[in-house]
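Structure record follows, encoded as structure tokens.
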Amino acid sequence: AAFDHEENGSQADTGADGPLLGNVLERSVFARGGGYEDKARSFAGTVCLSSDTGHAVHPNYAERHEPGHHPLPNAGPILKVNVNQRYATDGGGRALFAAACERAGVPWQSFVSNNSMPCGTTIGPITAARHGITTVDIGAAILSMHSARELCGADDPHLLAAALSAFLEG
């Protein structure tokens, strides 16, 4: 799914906090002859990868990163974790994504926001909370998020695509 309005809160009829995803998923279950219980089981058995970008450690601002978590360009996709649920990743989702990366032979990195600084968020927590779907926040490590010149490593799109393919095949 791709949504409008992600950068300004996702609260629109076509945003992640709107009814679009739930309606499409529900109609998919009902179109196959399923009922409410089938929908509940389907949502409970679903895993969503919320793929965005994430902060690579910037050489000019390394002190802004959690000391044990310095994601780097060209070092594989990042798995985003936040104790305050600004990212939706939980232990089970983390294990599923790590296993997919292992199957694909793709390295991966953890991103944990520095707790002394405010943390952004993604649509992952909205999807998890609104639909009861296990959601894992992942992405490519980039420098200069929200600047005119964001950049990632040349290998990162391929590494992320390989991890996503392994996840879907697994």
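The values are calculated or read from the model by the stated rules, or taken from the named source; none is laboratory data. Everything numeric in this text was worked out from a predicted model, so none of it was measured. Note: ideal-geometry Cβ built from the backbone for every residue, glycine included; neighbour counts use all protein chains shown. The protein model used for the area step is the full one, side chains on, heavy atoms only, and it has no ligands, DNA or RNA in it. Shrake-Rupley method; radii C 1.70, N 1.55, O 1.52, S 1.80 Å.
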Requested in this report: Assign one of three labels to segment 55-97, namely rounded, prolate or oblate, based on the Cα gyration tensor with a ≥ b ≥ c the square roots of its eigenvalues; rounded applies when a/c is under 1.5, prolate when it is not and a/b is larger than b/c, and oblate otherwise.
Outcome: oblate
Query raised in the report: What Rg and what Dmax come out for segment 2-57 when only alpha-carbon atoms are used, in angstroms?
Result: 14.3, 49
Query raised in the report: What is the antiparallel percent of DSSP beta bridges lying wholly in segment 23-151, to the nearest 5?
Result: 20
Query - Extension gain (nm, one decimal) between residue 99 and residue 37, 0.36 nm per residue minus Cα-Cα - result: 19.4 nm
Report summary line: Shape call for segment 1-145, from the Cα gyration tensor axes a ≥ b ≥ c (a/c under 1.5 means rounded, otherwise prolate when a/b beats b/c, else oblate), comes out prolate
Report summary line: Between residue 27 and residue 161, Cβ-based FRET efficiency (R0 30 Å, step 0.05) works out to 0.55
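Would you mind working out the magnitude of the charge dipole of the chain relative to its Cα centre, with +1 at each Lys and Arg C-beta and -1 at each Asp and Glu C-beta, to the nearest 20 Debye?
260
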Query raised in the report: Tell me, what is the per residue accessible area of segment 42-170 in Å², probe radius 1.4 Å?
Result: 51
Report summary line: Scoring segment 1-142 by relative contact order with C-alpha pairs under 8 Å, at least six apart, yields a percentage of 33
Report summary line: Residue by residue through segment 74-84, the couplings from Karplus 6.51 cos²θ - 1.76 cosθ + 1.60 with θ = phi - 60°, in Hz, x for Gly and Pro, are 6, 10, x, x, 9, 10, 9, 10, 8, 4, 8
Query - Within segment 81-123, backbone nitrogen closer than 20 Å to the virtual label 7 Å beyond the Cα of residue 61 toward Cβ - result: 81-83, 86-87, 110-123
Report task. With an 8 Å cut-off on Cα pairs and a minimum separation of 6 or more residues, tell me the relative contact order of segment 65-170 in percent. Result -> 39
Report summary line: the chain, Gaussian network, Cα under 10 Å: of 50, 144, 28, the residue fluctuating most is 28
Requested in this report: Two decimals is fine: what's Rg over Rh for segment 94-147, C-alpha atoms, Kirkwood radius as Rh?
Outcome: 1.00
Query raised in the report: Taking every eigenvalue of the Cα gyration tensor of segment 69-170, multiplying by 5 and rooting it, what semi-axes result, largest first, whole Å?
Result: 20, 19, 12
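Per the 1.4 Å probe, what fraction of the accessible area of the chain, in percent, lies on carbon and sulfur atoms?
Details: 4920 of 9440 Å².
Summing carbon and sulfur atoms, their accessible area is 52 percent of the total for the chain.
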**Report entry** Estimated [θ] at 222 nm from DSSP helical runs (n ≥ 4, -39500 (n - 2.57)) normalised by residues in the chain, nearest 500
**Finding:** -10500 deg cm²/dmol
